[in-house]
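Student: The structure that follows is given in the form of structure tokens.
No lab work stands behind these numbers, since they all come straight from the coordinates. Predicted model only: the values in this text are computed from it and were never measured. So basically every Cβ, Gly included, is an ideal-geometry build from the backbone, and we count neighbours across all protein chains shown.
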Amino acid sequence: MSDVVPRGAALDETLAGIGDRLREERVRTGMSQRELARRLGLSASMISQIESGLSKPSVGTLYAIVTELDLSLDRVIRGEDFADRDPPGPQVELSQSPLVHPEDRQVIELDSGVRWEELSASSEEGVDFLHATYEVGGASTPDQSLMRHHGREYGYVMTGTLGIQIGFEEYELNPGDSIAFDSALPHRLFNKCDQPVHAIWFVVGRDADHRVSPD
């Protein structure tokens, strides 16, 4: 179940911005909330709450939405910064510093106790480069459900114990452990300890997604 902001409470600007961008892209495609919900196996009210900033999507739900809308994850997180990015290809000189300080990272708080921080200064075509935090009890998808999408994932755990279910197999990653797997395989990531899990995560090739549905 997503975390719903109490009525009358001030919306988190980042969360509201994400909802606005998802709504803009859905409208651009000519798709109704009801149709998007039907394709993803969600309720129309859930899509409405996410777009209005009243509810946080889980990792799996966010991936499902951006995949169905053929949308870059960078576009969702960066917003206007994404629109102002340099075109792909070699540049004569850097338009901005390649250095990213912790306080300057683009951040997105997701449902189920998951936080993503982008580690690249600008959009990286076909690559999601993230510092992922899984709070105690945090998971990429709720209720033991699994997700899948295009691309390949590479992860390195810095603190805590991260559980990863891939298909019928389950793996336990402790500090210093790393993993790589095909994102098209049904998977779920979850905190298995009593402290936050911090990990560095790459997803390569997700932009090549062609509406791979979550399980």
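Student: If the chain between GLN195 and LEU146 were fully stretched, how many nm would it gain, using 0.36 nm times the residue separation less the Cα-Cα distance?
Tutor: Taking 0.36 nm per residue and subtracting the Cα distance, the gain is 15.3 nm.
Student: Moving on. Which order do the peptides 60-66, 200-206, 39-45 take when ranked by the mean count of other beta-carbon atoms within 10 Å per residue, highest first?
Tutor: In descending order of packing, they fall as 60-66, 200-206, 39-45.
Student: Put a dot 7 Å past each Cα toward the Cβ at GLU24 and ARG38; how far apart are the dots in nm?
Tutor: According to this spin-label approximation, the distance is 2.8 nm.
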